[in-house]
Amino acid sequence: MKKLFKMSLMGMLLCLSFMAFQCSSTEMTSAKLYIQQKNYAKAKEALMKEIQKNPNSDEGYYMLGYLYGEEGDFAKMADNYNKSLSISKKFAKNIEDSRKYYWMNAFNKGVNYFNKATKAKAEDSVKTFYTQAIKAFKEAIAVEPDSADTYKNLAFASIQAGRQDDAIEPLENLLKIKKSADGYKILGQIYNTKGSSLMTSYKSSNPKIPEDSVKAMDYYNKAIVALEDGRKAFPDDPDILLHLSNALISANKLDVAMETFKAGVEKDPKNQFYRYNYGTLLLQAGKYEEAIDQFTKAIEIDPKYHSAVFNLAVAYVKWGTSLREAADKAGKDDPEYKNKYKDALPWLKKAVEIKPDDALSWDTLAKVYAVLGMNKESQDAYTQADKLRK
């Protein structure tokens, strides 16, 4: 690519040499000669005078853009290229080729720095490489602001560098250009996280800071907007649906969440993800039988759907716990709660069979074994959970 660009540049210089004998202004003639001599500072001075005298100098803006590109000032390069194109399309092909070259160069630099960061061992090196990657991707965006891949990579680099706030703008720009499942779910997750952080701060502060609560709800609502758009574009993406239900719950919109996923189930009853998320919301609301029905149907559609299998077991466990607590409160002995734990047992066994490296499934299985008096099995399950947590 670089070789092709040099050939194109040589052609441009030959053209400039020829055009110097045409009817050009003194400033343009001087600029072309300075470029041939590689005296770019003087060339810029001449071109600045040219466009001051002739604001419609398409060639002047084009050449000035080229010089800014050589200096690495891509924002000014793009600005001058755009001014040239707004006057005429005479230099459109040259501008397109130049942009492709600089964009590819900056984009590839960003990718290389990102890869170096993922392989680096020293913390300082990791930080430095991510910083360089971010700088390179920003340069690529300045050159070509309509590249979805560049915004996506800039967002990923920012997140990996621990700068989640800086990932918001490129993700928003990405979604304006191209619908991206990753873009929706990551943006929604960032908004959810920021909202949760502010809400935690609000609840723990004394005295309360109302602004934290207001800002938290604002971020939850931003998450809902982004994830609703994502749901429309990618209705079968489980992560988008999960983040959406979490955002609705966090925003105290459980009723809205229930109606949203209930409507999804009614519209597409064979969609295991809608079934799962609707079941999760029912579980959150303490509607255990209805939740169990949704999880069971999700598993019928996809027998290896671990989250649905696990939550089905959890629904039985929570149901059993609620029966025990009610009996204790009434001063009665109701052995029925153990039957719910027994109903949970085969599903927890299936959960660890589907996903044997999930510590939470093993831990829950151990607790159910303990309630049922199966002490050896409980200890074995706890041991397995502890191994996975280390």
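Rolling a 1.4 Å probe over the protein heavy atoms of the chain, with every protein chain left in place, gives an accessible area that is 52 percent carbon and sulfur.
Semi-axes of the equivalent ellipsoid for the range 115-222, computed as √(5λ) from the eigenvalues of its C-alpha gyration tensor and ordered from largest down, come to 29, 19, 10 Å.
Once the C-beta distance of S204 and D255 is scaled by a Förster radius of 22 Å, the resulting FRET efficiency is 0.20 to the nearest 0.05.
With protein chains left intact and a 1.4 Å probe, residues in the chain average 54 Å² of accessible area per residue. The spacing between the range 157-221 and the range 31-94, judged by their C-alpha centroids, is 41 Å. With a/c under 1.5 counting as rounded, go ahead and sort the range 45-86 into rounded, prolate or oblate using the C-alpha gyration tensor (a ≥ b ≥ c being the square roots of the eigenvalues; past the cut-off, prolate if a/b is larger than b/c, else oblate). Note, shape of the range 45-86 comes out oblate.
Prolate is the label for the range 315-390, because the ratio a/c of its alpha-carbon gyration tensor axes (a ≥ b ≥ c) is 1.5 or higher and a/b is greater than b/c. The translational diffusion coefficient of the chain, from Stokes-Einstein at 20 °C and 1.002 mPa s with a Kirkwood hydrodynamic radius over alpha carbon pairs, comes to 83 µm²/s. Here each label is just a point 7 Å from Cα along the line to Cβ, and for S196 and K338 those points are 3.7 nm apart. Remark: accessible surface ordering of K121, K185 (largest first) is K121, K185, probe radius 1.4 Å. Accessible area per residue (1.4 Å probe, heavy atoms of protein chains only) ranks I87, I51 as I87, I51, with the largest value leading.
Per DSSP H run of n ≥ 4, the term is -39500 (n - 2.57); total these for the chain, divide by its residue number, and report the mean residue ellipticity at 222 nm rounded to 500 deg cm²/dmol. -27500 deg cm²/dmol, from helical runs alone. Applying the Karplus relation 6.51 cos²θ - 1.76 cosθ + 1.60 with θ = phi - 60° to the range 99-109 yields 3J(HN,Hα) values of 4, 4, 5, 5, 5, 5, 5, 5, 4, 5, 4 Hz, where x marks Gly and Pro.
The values are calculated or read from the model by the stated rules, or taken from the named source; none is laboratory data. This structure is a prediction, so every number in the text was calculated from the model and none was measured. Methodologically, a virtual Cβ is constructed for each residue, glycine included, from the backbone with ideal geometry; neighbour enumeration extends over all protein chains shown. These accessible areas exclude ligands, DNA and RNA; they are computed on the full protein's heavy atoms, side chains included. Shrake-Rupley method; radii C 1.70, N 1.55, O 1.52, S 1.80 Å.
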